[in-house]
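Everything on this sheet refers to the single structure shown next.
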Amino acid sequence: MSFVFYNTLGRSRQDFQPLEKGKVGFYGCGPTVYNYAHIGNLRAYILHDTLVRALRRGGYEVNHVMNITDVGHLSGDSDHGEDKMVKSAEEKGKSVLEIADYYTKAFFNDTDKMNILRPSVVCKATEHIPQMIEIIRRIEEKGCTYFSGGNLYFDISQFPNYGELALLRLDEQGHTRTGVDENKRNPQDFVLWFTKSKFESRALVWDSPWGRGYPGWHIECSAMSMEHLGEQFDIHAGGIDHIPVHHTNEIAQSETAFGKRPWVKYWLHNEFLILDKGKMSKSTGGFVTLQNLADEGFDPLDYRYFLLGGHYRSQLNFSHESLQGAKSSRKSLMDKIRSLDSGAAGAGAAGGAEIPAGSAAEKRLKAFDAAMQDDLSTPRALAELWGLLKDDSPPAQTLAAVFQMDEVLGLSLESAYNEQKKDCENLDSGFAEEVQKLIDRRAQAKKAKDFAQADGIRLELKERGVILEDRAEGTVWRRV
């Protein structure tokens, strides 16, 4: 399959051509595990999951790497503010690593409920300190650092392409951040390695050539991505809030260290989830978790369906009314799929039934794939799914196409169908046993010449939709 993605690097739609044919190296920014993920955070992981699913359906072998930031992330993308991990640990009376472990498990509990596939590699920042130190050493050898006030900084004046991803004009940026850190030569310079000068007491520190301390946040992602994907890779994804600082700094330090440009070929960024009060964030109080939605009666897959209804590059307005609409639509979708009679053997298994060339089901499936190849257009893909269910195609073909579509949508349609089918089979089995017991009682009544009871049983079964036929070989029944 041929994909087209909107590449933030260049602000244009570009044909996707991986570095290695048939293989994709993908790094998606993971969580900072100091608190529960809010539903705005989860939008990014639906993008990552949809991307991986679509690429794999397209025949690519995808190596999906995601980091866990368990050290060194401050309250903003810049180098000032409180350390989120330390603050959370102090508030809860736990160690930093205890906090990280607890919220890492909570994060994956949420993503599992939303049917988000686990990444190929999940890597923790605390387990990649030597790699970070090595990259910083390379940057220092290139003459792009300076030591000031106890911290080692990246000097952006030594990197001519700084700000290319974010379309920054440094001569127009002013000096709004000079008051934040007087040790910086330029407002956009950033810390590669902190020593005790940043905080007098630190829970996690390591020895380094620049003193005992800890890494800056930006260097973490460069080290982890390149450790598992190489010095260049295909796709990097995250929220749009990472563009101007975090991802911009990742590019600067990575291309400086290894001299390969572009470090990443394609950058995909998802837009914000918007509440009535503005962008969802923990700092502004707009903090809604997946568990909050579950407490209000929503299934995590209702929220997944809601997110798929908007394109990842468009802001998405969240309200309980809009989520209720998604819940109703998903229920209607499930009811429609469950109403399909599988008919031919194998219809209930994804790909089990053949989809003939030129059939309506095949045309819908091709249109679905085209939508996903067109910068992951999930709204169009959902429209093709609904169109398929409205077409008058043989149920077996429809189900096979539905389940192939769901390989990308991730709504667990096949498992829900099979569970319902199993429930019906169990129900039918129990019903048959009950009918047979009544037939046996009727036979005994007839043998005892209690014809009133025998007629009563026949009438009872008829009212329940069962017709009896007395034959030479015995009584048989059928449903009407």
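Of note:
- Test: residue in the range 384-402 that is under 27 Å from Thr50 (Cβ atoms), open to solvent by 70 Å² or more (accessible area, probe 1.4 Å) and either at pLDDT below 90 or part of a helix (DSSP H, G or I) (or both): yes
- Given (1) farther than 26 Å from Asn183 by Cβ; (2) surrounded by fewer than 16 Cβ atoms within 10 Å (Cβ to Cβ), number of the condition Pro119 does not satisfy: (2)
- Test: residue in the range 28-43 that is more than 17 Å from Ser225 (Cα to Cα), part of a helix (DSSP H, G or I) and of a type in the set (Ser, Thr, Tyr): no
- Unmet requirement for Tyr36, which otherwise passes all of (1) under 11 Å from Tyr266 (Cβ atoms); (2) open to solvent by 20 Å² or more (accessible area, probe 1.4 Å); (3) of a type in the set (Phe, Trp, Tyr): (1)
- Looking only at residues in the range 53-84 that are at pLDDT below 95 and of a type in the set (Ser, Thr, Tyr), the one that is least open to solvent (accessible area, probe 1.4 Å) is Thr69.
- Residue list for the range 117-153, restricted to those being among the aliphatic types (A, V, I, L, M) and out of contact with any Leu (no Cβ under 8 Å at 6 or more places or on another chain): Leu117, Val121, Val122, Ala125, Ile129, Met132, Ile133, Ile135
The values are calculated or read from the model by the stated rules, or taken from the named source; none is laboratory data. Everything numeric in this text was worked out from a predicted model, so none of it was measured. Backbone-built Cβ (ideal geometry, glycine too); neighbour counts: all protein chains shown. Please note that ligands, DNA and RNA were not included when accessible areas were found on the heavy atoms of the full protein model with its side chains. Shrake-Rupley method; radii C 1.70, N 1.55, O 1.52, S 1.80 Å.
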